[in-house]
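S.K.: Structure incoming, see below.
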Amino acid sequence: MDHTLKSRQSRTMGRFPHICVALLAAATLSFAQTAPPALQAKPQSQTILSKNRGVVKADFQEKSEDGNKITASGSVEIRYDNVYLYADQVVYDLKTKDVLAVGHVSLVRPQEAFTADRLTFNLETGLGEGTNVVGLVQPQFRYESSTIARETPDLFHLGKSKITACAQPVPRWEFSASRANFKRDDYIEMWNPVLRVKNFPIFYLPYMKYPLNQERATGFLMPQIGYSQRKGLTYTQQFYWAIARNMDATFSMDYYGAAGLGAGLEYRYLFADGTWGNLNAYTFFYKTPEPLEGETESPERPDNALLLRWQHNQRLPGDISFVASVDYQNSFSFMREFDNNYARALIYNRSSQVYVTKSLTGANFSLRLSRFETGFPGWDQSIIRQSLPQISFSTYQRKLFGPVYYSLAASYNKWQYGVTSQFENGTETKSSELYLGPTISVPINSVPWFNLNFTAAGNLSYYGNSRDPETGEIVDKNLFSGNYSLSAAFTGPIFFRIYNPTGPGLRIKHLIEPNITYQYDSPIIESDRIVTMTGWFFRYHYVTYGLTNRILVKKGGDPKARVREVFTWGISQAYYLDPEDSPLSWYPLADGTIRRYSEVSSFVRFFPTETASLDISAGYDTYLKTLSSLRAAAGYGNPADNFYFSLSWYKSFNPIYSGPLYNREQIGINGGFKIPRWNIEALGEFEYNIMEKKLLYTGISAVWHYQCVDFKADVRAFFFREKPDVQVRFSVGLGNISSASDFLGGNKL
């Protein structure tokens, strides 16, 4: 079984060895380059082997009668090129360069050092055999073996052995194996390895291959083991394939003892022309359920689940940008019960689209084919929207004269809209629209204390279908309509004042910005014949007004110093002059009166420091004199810091419509911290439904970097599922081997 470093872009592309490994590697290299002198009880005899090649030193030494062998004893030291050999007794063949060393044998070569009881070794080729060996191999590994046999200078075989990347007297972790092979700077392969942490056996594998380099390498990742309250024993195993420098793949297998078996694939690619993509595929095979108590037949086994996510970006000839994406699941119930991403598990989305864009001189062209499907819990139907095709063309603003600018927008959209059953029966709403809209804009911003932007636009539309005003049915009768729109956005007069509370070292600027926007759409003849997706057609004629306060801070006397906005407060409301044609017609009062005033919207943003923030927004219904929504979010730091925290709270109230889609109150908390001194990292998430007084989800994940080994554990509780589920997972990372990731995760834990 291969174990290797998992390459990531969203994940890490490599992992640096832990500090203990780095110190061990540095010490070994130093030992190899500058060997310590042998202990000398008395002056040694010395034999020069050849000029600039080496020397033999010993307490006693003699040559054979033919002069080809040297027998030495007593603190023997042989130096030959970059090889240092120490032993109690040595027999050295001057002709073949073979050495037989016995007793306290030590051999030092560049990036390698070991001791042995007995060694046969060739100084020229580096080949040989030894017994009872303890060695160090660069960049970071220590081994103990009953035997060693070097087949090539970079490949040697070990007998019964122990292998670790830690240098402690009792290693933090080690593998014991019946036999093993080393290939320098490439891999260690082991047969019948047992992983031990502090001498405690963790797991056994029949075969394992461990990478020695820091680059991406093909092989198995460390498994992830856990237990789920509903799914039983869980086991995740992944295999990483470094296909080429520009592409890789990860194969995943998930075993759930009480639920079934899952298989996944993640494939990534990147090419020099800017083409890149990411493909995720996953399928799950349900286990046949056990018969219920008192029943003889098993419940019906659910259909196998399928998940497919693909994103592709490519630059085509002619500087055309091509984007394709697919997000498909065939089972909402599977995603709700198995997806460990809390936000993603609550809503059922399926989408597919192909998007082509081309930038022209002063214009932009795009073509899109798309289909979007959204489902909700407790509803067996999904809302489907698709455009086949949707074409858009727009020009950038061009200056005509003075402050007057001209632009043009054109589009064609052939669309379909409805719920799942309507598409199955062929009764979905469908139509097409060809649109042309020229626009004239006049921005006036030459006066520093106010801004004005006036816009006049024409709207010409040709519809492929229309609605019969008498029956309300959609008929194959074309419709041409047109109108114009006028808008004016005015900000000002802008008032400001500058304060220097601490002298020239700090400047505070307070700005007050009133704003008014007017929008007018002229009436459209036969607007009741226009076919829209929702069945509603709105004409906008309103005035919005508001006020914004800003506080800016600038530190230091340098005029180029950065200005930071620390506080913003805004309030606004809209008044509809033709409320019957506006979106407010959806929300009449109890007596049927159409509202003219929208809610009063207000927001506050406060940044006391560059790493801390507070956001509050609210909506106030002036007719019912009550808050309709209230949202607050606070945050400190970011995930790269030693501590970060974020909180979000949301409350909404709809006096007309009831149900969880309209009336909600929920709070969410997530954060994390690092303790560098103890090498600990931890993350946590929490979601609570205040209205129902129900905990929805909580998760805690922690990693302990214990010098040469990483321990990771996480606990998650899913109370929003049909039947609550608590799962615990544990994994170990060893040096160059990453642990398996959660294929169905996608969140920070």
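Values in this text are rule-based calculations from the coordinates and carry no lab data. What you see is a predicted model, and the numbers here were worked out from it, not measured in a lab. Virtual Cβ from ideal backbone geometry, glycine too; neighbours counted across all protein chains shown.
S.K.: Going by the alpha-carbon gyration tensor, a ≥ b ≥ c the square roots of its eigenvalues, is segment 610-749 rounded (a/c under 1.5) or, if a/c is not under 1.5, prolate (a/b greater than b/c) versus oblate?
M.R.: The shape class here is oblate.
S.K.: Here's a follow-up. At 7 Å along the Cα-to-beta-carbon direction for both Phe200 and Val354, put a label point, then send me their distance in nm to one decimal.
M.R.: 5.7 nm
S.K.: Using 0.36 nm times the number of residues separating Leu630 and Asp88, minus their current alpha carbon distance, what extension gain do you get?
M.R.: Once the chain is fully extended between Leu630 and Asp88, it gains 186.8 nm.
S.K.: On a 27 Å Cα-Cα criterion, which of the cross-link pairs Lys162/Lys183; Lys674/Lys694; Lys69/Lys162; Lys160/Lys198; Lys160/Lys183 come out too long?
M.R.: From Lys162/Lys183; Lys674/Lys694; Lys69/Lys162; Lys160/Lys198; Lys160/Lys183, over 27 Å: Lys674/Lys694; Lys69/Lys162.
S.K.: Can I ask one more? Tabulate in residue order the Karplus-calculated ³J(HN,Hα) for segment 126-133, using 6.51 cos²θ - 1.76 cosθ + 1.60 with θ = phi - 60°, rounded to whole Hz; enter x for Gly and Pro.
M.R.: Rounded to whole hertz, the list is x, 8, x, 9, x, 10, 6, 9.
S.K.: Pop the C-beta distance of Ser617 and Ala561 into the FRET formula with R0 = 35 Å and round what comes out to the nearest 0.05.
M.R.: The value I calculate is 0.70.
S.K.: Helix-only mean residue ellipticity at 222 nm, the chain, DSSP H runs n ≥ 4 weighted -39,500 (n - 2.57), per residue, nearest 500. What is it?
M.R.: Calculated at 222 nm, the ellipticity per residue is -1000 deg cm²/dmol.
S.K.: So for segment 696-742, Kirkwood radius off the Cα pairs, Stokes-Einstein at 4 °C and 1.567 mPa s: how many µm² s⁻¹?
M.R.: Roughly 108 µm²/s, to the nearest whole number.
S.K.: A follow-up question, please. Once you wrap a convex hull around the alpha carbon atoms of segment 405-468, what is its projected area averaged over all directions, in nm²?
M.R.: 7.2 nm²
S.K.: Let's test the formula: R0 of 56 Å, r as the Cβ-Cβ distance of Ala713 and Phe401. What FRET efficiency results, to the nearest 0.05?
M.R.: E between Ala713 and Phe401, to the nearest 0.05, is 0.20.
S.K.: How much length is gained on full extension from Phe496 to Ala410, taking 0.36 nm per residue of separation minus their Cα-Cα distance?
M.R.: Here the answer is 26.8 nm.
S.K.: Relative to 2.2 N^0.38 Å, what does the C-alpha radius of gyration of the chain come to as a ratio? Two decimals please.
M.R.: After normalising by residue count via 2.2 N^0.38 Å, the value is 1.35.
S.K.: Using a 7 Å offset from Cα along Cα-Cβ at Ala488, what residues in segment 519-562 end up with backbone N under 13 Å from the label point?
M.R.: Those under the cut-off are 519-520, 543-544.
S.K.: Once you list every other residue whose beta carbon is under 10 Å from the beta carbon of Lys509, what net charge do they have if Lys and Arg are +1 and Asp and Glu are -1?
M.R.: My count for the surroundings of Lys509 gives +3.
S.K.: Right, another one. Starting from the exponent 0.38 and prefactor 2.2 Å, build the expected Rg for segment 198-351 from its residue count and divide its actual Cα Rg by it.
M.R.: Ratio of Cα Rg to 2.2 N^0.38 Å: 1.33.
S.K.: Sorted by packing (mean other beta-carbon atoms within 10 Å per residue), highest first, where do 198-208, 666-676 land?
M.R.: Per-residue mean Cβ counts within 10 Å order the peptides as 666-676, 198-208.
S.K.: Determine, at each q value in 0.19, 0.20, 0.22, 0.25 (inverse angstroms), the log₁₀ of I(q)/I(0) that the Debye formula gives when each Cα of segment 483-571 is one equal point scatterer.
M.R.: Calculated log10 I(q)/I(0) at the listed q: -0.91, -0.96, -1.05, -1.16.
S.K.: Once the piece of chain linking Ile667 and Glu129 is laid out straight, how much longer is it, given 0.36 nm per residue of separation minus the C-alpha distance between them?
M.R.: This chain segment gains 187.0 nm when fully extended.
S.K.: Kindly state, to the nearest 0.05, the FRET efficiency for Ala272 paired with Lys477, given R0 = 56 Å and r defined as their beta-carbon distance.
M.R.: 0.60
S.K.: Sequence gap at least 6, Cα distance under 8 Å: using those rules, report the relative contact order of the chain to the nearest whole percent.
M.R.: 7 percent.
S.K.: Pull out a ≥ b ≥ c, the square roots of the eigenvalues of the alpha-carbon gyration tensor of segment 311-418, then state rounded if a/c is under 1.5, prolate if not and a/b is larger than b/c, and oblate in the remaining case.
M.R.: prolate
S.K.: Could you grab the Rg to Rh ratio for segment 91-178? Cα atoms only, Kirkwood for Rh.
M.R.: 0.98
S.K.: Enumerate the amide H contacts of Leu212 below 5 Å, restricted to partners 5 or more residues apart or on another chain; note that Pro and chain-start residues carry no placed amide H.
M.R.: The list, which skips near neighbours in sequence, is Asp186, Tyr187, Ile188.
S.K.: Something else: Segment 436-598: Rg/Rh from Cα coordinates, Kirkwood Rh?
M.R.: That ratio is 1.17, to two decimals.
S.K.: Shifting gears a bit: What's the center-to-center distance, using Cα atoms, between segment 304-369 and segment 704-744 in Å?
M.R.: A separation of 29 Å, based on Cα centres.
S.K.: Measuring from centroid to centroid over Cα atoms, what is the spacing of segment 112-188 and segment 553-588 in Å?
M.R.: Using only Cα atoms to place each centre, the spacing works out to 69 Å.
S.K.: Counting residues in segment 133-186 as N, plug N into 2.2 N^0.38 Å and put the Cα Rg over that result.
M.R.: 1.06
S.K.: When only DSSP loop residues count, what trypsin sites (Lys or Arg not before Pro) in segment 68-175 have their Cβ near at most 12 other Cβ atoms within 10 Å?
M.R.: Those satisfying the criteria are Lys95.
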